[in-house]
Amino acid sequence: MKTGEFNILVAEFFGECQDILDKATLDYATENDRLANFKELAIILDTTPGEVLMVYFMKHLISIRNYYKGRQSNREDIRGRFKDAVNYLILGLALVEEERDAKQGSSNLT
C-alpha cells in the first residue's frame, strides 16, 4: 500500500472509530461518565472496570485472530472488529488516566 493510500485509510478509520465512540455514548455511558458501563458491570461482577474492559477487548482480538485463520464472521465485517478493538484501547487508556488522576488527587489531600 502506498503512503498516500495508507494515510487516507488511517484518517478514515479513525474518523469511523470516533463516530462509533460518539454513538456508543448513548447506550453505554452517562452524561457525566463515559466509562459508566465498565464501572457498573465491575460492581455487579465484583471485579475492576479494567478487567471488564479486557473481556470486551479480548472478544474482538479473538475475532481478528479467527479472521486470519480463515474463519470469518457472518455478523460483522472485520473492519468493525478492528474499530472496536481500537476503541477499547482508547477506553482503557481513559480508565488508566482516570485512576491516575484519582490517585494524584488523593495524594494531594494528604
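Within the set 34, 71, the sole residue that is among the charged types (D, E, K, R) and within 12 Å of the chain's Cα centre (by Cα) turns out to be 34.
The set of residues in the stretch 60-75 being free of Cβ contacts under 8 Å to residues at least 12 places away in the same chain and in contact with a helix residue (DSSP H, G or I) (Cβ under 8 Å, 6 or more places away or on another chain) consists of 72, 73.
Please go through the stretch 1-19 and give me each residue that is surrounded by 12 or more Cβ atoms within 10 Å (Cβ to Cβ) and either modelled with pLDDT under 95 or acidic (Asp, Glu) (or both), ordered by number.
Residue satisfying the conditions is 16 alone.
Taking the numbered list (1) surrounded by 10 or more Cβ atoms within 10 Å (Cβ to Cβ); (2) assigned to a helix (DSSP H, G or I) in turn, residue 47 passes all entries but (2). Checking the stated criteria, residue 36 turns out not to satisfy the condition of being small (Gly, Ala, Ser) and out of contact with any Phe, Trp or Tyr (no Cβ under 9 Å at 6 or more places or on another chain).
The values are calculated or read from the model by the stated rules, or taken from the named source; none is laboratory data. Everything numeric here is computed off the predicted structure, so don't read it as measured data. Every residue, glycine among them, receives a Cβ derived from its backbone with ideal geometry; neighbour counts consider all protein chains shown.
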